[in-house]
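The values are calculated or read from the model by the stated rules, or taken from the named source; none is laboratory data. These numbers were taken from a predicted model, which means no experiment stands behind them. Cβ: placed from backbone, ideal geometry, glycine included. Neighbour counts: every protein chain shown.
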Amino acid sequence: MIYVNDLRKEFKKTIKEPGLKGSLKALFKPNNEIITAVDSITFHVPKGEILGFIGPNGAGKSTVIKMLTGILTPTSGTCEINGYIPQKNRQKYVKEIGVVFGQRTQLWWDLALRETYSVLKEIYDVPDAEFKSRMAFLNEVLELDDFISSPVRTLSLGQRMRADIAASLLHNPKVLFLDEPTIGLDVVVKDNIRNAIQKINAEEGTTVILTTHDLADIELLCNRIVMIDKGKKVFDGQISELKREFGQMRDLHFELTHTDDFDKLVYLEDFKVTQDDVEIKNEGASVSVRFNSDKISVEDMLSYTLAKVHVKDINVKDADIEEIIRRLYKREVSIDEV
Amino acid sequence: MGRMFRLHRIFVAQYMKNLMEYKVDFLTGAISFLIGQIVQIATIGIIFSQIPDLEGWGFNEILFIYGFSLIPKGIDHLLFDNLWSVGYFIVRKGDFDKYLTRPINSLFYVIAEKFCVDAFGELFMGIVLIVYSLIQLKLTLTWYMIPLFIVAVVFATLIYTALKIGTSAIAFWTKASGHITHMVYMTNDFSKYPTTIYNKVVRTLITYVIPFAFTAYYPASYFLGKGEPLFCIGGTVIAAVVLMFISVCIWNRGIKAYESAGS
């Protein structure tokens, strides 16, 4: 369905010194630097999958999406979707995809929402009967009825996002690209949008590629995630896999009765482990220790701690997906460990 | 082609609805345009009350050339005005993404999206000046001049449009090129007068480099019986075709260089 092979995108960036003087200097003697936004990314998405595409800000997610949707031309490498190369057969290709950029609306700003759909109907050549049933379906899933007659500029962010998603689905695309579809939305609207995506995926078999910073989106929607950082792929697999791999990490939190006691806790030396297996953070009396429960059992950890210091409150938690991803973002784990 | 016309009609209809959304803005625009045109006519009147004859061209002939220049300029303004936005902000802000995710030609989409009703003023002025000057000159046009007039106007319009396409496409590399378009576009002011009044540099510039002379002076001088049809009309056609070819090539290459904007 979607094959991305060794995809790479470089941008030329002019380095400017600050101020007007720097700008003038850059004008006459540009100091160019090549920035690799996407560095040899390869992945494959089968039909009907919901793929979560994640990574910290500036990781290159949007650049990948923009290459997949035919907006940007890759520096090297290939992507093939439904048998099309986006940049080559752009017009035919985009007829089979839907695109939503959460930060940017594709609706006709000053017109009633209804008008946007009737223009899109013409652009995508949707027959009347299909348009009608399609609108009915989208209406049901995304609840557009309340605001379909309002000018787009008067819509709330949540309404606008629903309207945008509906706009991207009008022509029944085979692949849907959603770039941060839940950004800035409240919990209820997020839920509504997630349900809609799930429903569309289930009923139409639409393949969905989704970028997000909301990890709940990922846990609730995605079968699989691809994570990139600094343009490189750092993880590709099922969420369950990620949890299994990193699920042995535990978080121990406690409050010290005497702040000075902190120095008595020397986990690394006493357990003879490295920083990969035990990570300690403290802020005043509050201490948290993340440790690998394969190396140090929860029982040993607790008894050691309680023997060394007096604590007010203590608890142990599983590292959740958010923690795992945070670790990945911070490059605490590298791809070799996965 | 049929689909393009239908889409164009739909875009125009949407644009008009859009315009009506902001009635005050629309009215203010219409009034200010009217004032601008009155000032322009007055200026021409003042100039020509001082100079009755210009290098062998009479007042009414100059008026005809001026009127003629407004027709292609007005049509270009009416239909292809959105190209300005490409160079000024569409590319820089990354808004060009939108045009690339639709199953229609991106150039067509950009162009069709806006329909600049202000241009009716230019067209109206142009027609009035042409008709008035023709009556004053007592020129009788032969029948085949009508199709030739249409050909001249169409290709003269394409010269304007091609220059705008080519220069605004530079933005795909430089992020903004509105000022380049503006600079090139402004040379059209030279085309309203006979090229013979200029020195060689300007004459060469507006004939062969930025061939605005072919949007007014040359074709108009043919209709006034003072020019070779092959050069005056043929030149307009050739200039338009060559420029359009180059501009569309620049545009298509530009799309490949388009870098969007961070989101």
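A compact table of results
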| item | result |
| --- | --- |
| Residue that is farthest from A:Ala216 (Cα to Cα) [pool: residues in segment A:32-73 that are surrounded by 12 or more Cβ atoms within 10 Å (Cβ to Cβ) and polar (S, T, N, Q)] | A:Thr73 |
| Pairs where the first residue, in segment B:242-263, is within 14 Å of chain A (Cβ to nearest Cβ) and within 13 Å of B:Leu107 (Cα to Cα) and the second is among the polar types (S, T, N, Q) and outside any loop (DSSP other than H, G, I, E, B), C-beta under 7 Å, 6+ apart | B:Ile255/B:Ser106 |
| Number of positions in segment B:172-208 that are farther than 23 Å from B:Tyr258 by Cα, of a type in the set (A, V, I, L, M, F, W, C) and in contact (Cβ under 8 Å) with a residue 24 or more places away in the chain | 1 |
| Residues that are outside any loop (DSSP other than H, G, I, E, B), surrounded by fewer than 17 Cβ atoms within 10 Å (Cβ to Cβ) and touching a strand residue (DSSP E or B) at 6+ places or on another chain (Cβ under 7 Å), drawn from segment A:9-31 | A:Glu10, A:Phe11, A:Lys12, A:Lys13, A:Thr14, A:Ile15, A:Ala26, A:Asn31 |
| Those residues of segment B:25-55 which are of a type in the set (A, V, I, L, M, F, W, C) and within 14 Å of another protein chain (Cβ to nearest Cβ), in sequence order | B:Phe26 |
| Considering residues of segment B:203-240 that are more than 19 Å from the chain's Cα centre (by Cα) and of a type in the set (Phe, Trp, Tyr) only, the residue farthest from B:Tyr144 (Cα to Cα) | B:Phe231 |
| Number of positions in segment A:215-271 that are free of Cβ contacts under 8 Å to residues at least 40 places away in the same chain, of a type outside the set (Ser, Thr, Tyr) and loosely packed, with under 14 Cβ neighbours inside 10 Å | 7 |
| Residue that is modelled with the highest pLDDT, among those in segment B:19-31 that are surrounded by 11 or more Cβ atoms within 10 Å (Cβ to Cβ) and under 18 Å from B:Gly121 (Cβ atoms) | B:Thr28 |
| Positions within segment A:282-338 being part of a helix (DSSP H, G or I) and either under 11 Å from A:His253 (Cα atoms) or modelled with pLDDT under 85 (or both), in sequence order | A:Leu302, A:Thr305, A:Ile321, A:Glu322, A:Glu323, A:Ile324, A:Ile325, A:Arg326, A:Arg327, A:Leu328, A:Tyr329 |
| Inter-residue pairs, beta-carbon under 9 Å, first surrounded by 13 or more Cβ atoms within 10 Å (Cβ to Cβ) and in segment B:39-63, second part of a strand (DSSP E or B), 6+ apart | B:Phe48/B:Leu54; B:Phe59/B:Asp53; B:Glu61/B:Leu54; B:Ile62/B:Leu54 |
| Residue check, A:Gln103 surrounded by fewer than 18 Cβ atoms within 10 Å (Cβ to Cβ), within 9 Å of chain B (Cβ to nearest Cβ), closer than 20 Å to B:Asp95 by Cα and not β-branched (Val, Ile, Thr) | yes |
| Any hit, segment A:66-77, residues being more than 10 Å from chain B (Cβ to nearest Cβ) and either in a strand (DSSP E or B) or over 21 Å from B:Gly262 (Cβ atoms) (or both) | yes |
| Where A:Gly52 falls short, out of the listed (1) within 12 Å of another protein chain (Cβ to nearest Cβ); (2) part of a strand (DSSP E or B) | (1) |
| Filter result (more than 7 Å from every other protein chain (Cβ to nearest Cβ) and in a loop (DSSP other than H, G, I, E, B)) within segment A:87-100 | A:Gln87, A:Lys88, A:Asn89, A:Glu96 |
| Residue ranges of helices (runs of 4 or more DSSP H) in segment B:176-263 with at least 2 members closer than 30 Å to B:Leu100 by Cα | B:178-186, B:229-257 |
| Every pair of residues 6+ apart whose Cβ atoms lie under 6 Å, when the first sits in segment A:170-186 and is at the interface with another protein chain (Cβ under 10 Å from one of its Cβ atoms) while the second is assigned to a loop (DSSP other than H, G, I, E, B) and modelled with pLDDT of 90 or more | A:His171/A:Tyr124; A:His171/A:Val126; A:Phe177/A:Thr69 |
| Sole exception among (1) more than 9 Å from chain B (Cβ to nearest Cβ); (2) closer than 30 Å to B:Arg6 by Cβ; (3) out of contact with any Pro (no Cβ under 6 Å at 6 or more places or on another chain); (4) among the β-branched types (Val, Ile, Thr) for A:Ile123, by number | (1) |
| Matching residues, segment B:100-139, being basic (Lys, Arg) and either surrounded by 17 or more Cβ atoms within 10 Å (Cβ to Cβ) or in contact with a strand residue (DSSP E or B) (Cβ under 6 Å, 6 or more places away or on another chain) (or both) | B:Arg102, B:Lys114 |
| Boolean, A:Thr116 is assigned to a loop (DSSP other than H, G, I, E, B), within 10 Å of chain B (Cβ to nearest Cβ) and farther than 15 Å from B:Ile104 by Cα | no |
| Residue match in segment A:138-151 (condition: surrounded by 14 or more Cβ atoms within 10 Å (Cβ to Cβ), in contact with a Leu (Cβ under 9 Å, 6 or more places away or on another chain), of a type in the set (Ser, Thr, Tyr) and assigned by TED's automatic domain parsing to the domain that holds A:His213) | yes |
| Those residues of segment A:303-317 which are surrounded by 15 or more Cβ atoms within 10 Å (Cβ to Cβ) and under 38 Å from the mean Cα position of the chain (by Cα), in sequence order | A:Thr305, A:Val316 |
